[in-house]
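All remarks here apply to the structure that follows.
Bear in mind that the values in this text are calculations on the coordinates, not laboratory data. A quick note: this is a predicted structure, and the numbers were derived from the prediction, not measured. Neighbour counts run over all protein chains shown; Cβ positions are idealised from the backbone, glycine included.
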Amino acid sequence: MANIEINIVGILRPKPAKMDRLIELLSAVANRIHAEEKDILRFSVSRAVNPQTKEPTNTLVLIETYESQATFDRHFAAPEYKEFQATLKAENIIDFKDPVDAEIRVVKHVTGFM
């Protein structure tokens, strides 16, 4: 049976004045994943901008691609992930359970190219 990639799209809106810290933490996560978790195929964070002014908004778009369900499960069970979540909570940066702060979706590619 072939592995089926798992794709995640997240819209993240940190608490006021917490954007820089969230980007700092996500950069550290990205660097660690790139070095240690080769079966995570993509971990990309982009900042939304206002279409008229091109000024950055308080919204990040996170795109992740996991090689398989096993990769996905292993990543989210890792102590580093739990530490990341604990930091977000302790520093009141973002609440992933609050739909105002975060909207996370598992998506399936249906057409186009990457």
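What to note about this one:
- Per-region count, region 6-51, residues over 25 Å from LYS108 (Cβ atoms) and of a type in the set (Phe, Trp, Tyr): 0
- Against the list (1) exposed (fewer than 13 other Cβ atoms within 10 Å of the Cβ); (2) free of Cβ contacts under 8 Å to residues at least 12 places away in the same chain, the condition SER46 fails is (2).
- The residue list LYS54, LYS82, LYS97 contains one member that is exposed (fewer than 13 other Cβ atoms within 10 Å of the Cβ), without any contact (Cβ under 8 Å) to a residue 60 or more places away in the chain and either in contact with a Ser or Thr (Cβ under 6 Å, 6 or more places away or on another chain) or within 22 Å of ASN31 (Cα to Cα) (or both), which is LYS82.
- ILE11 being among the aliphatic types (A, V, I, L, M) and under 22 Å from LYS97 (Cα atoms): yes
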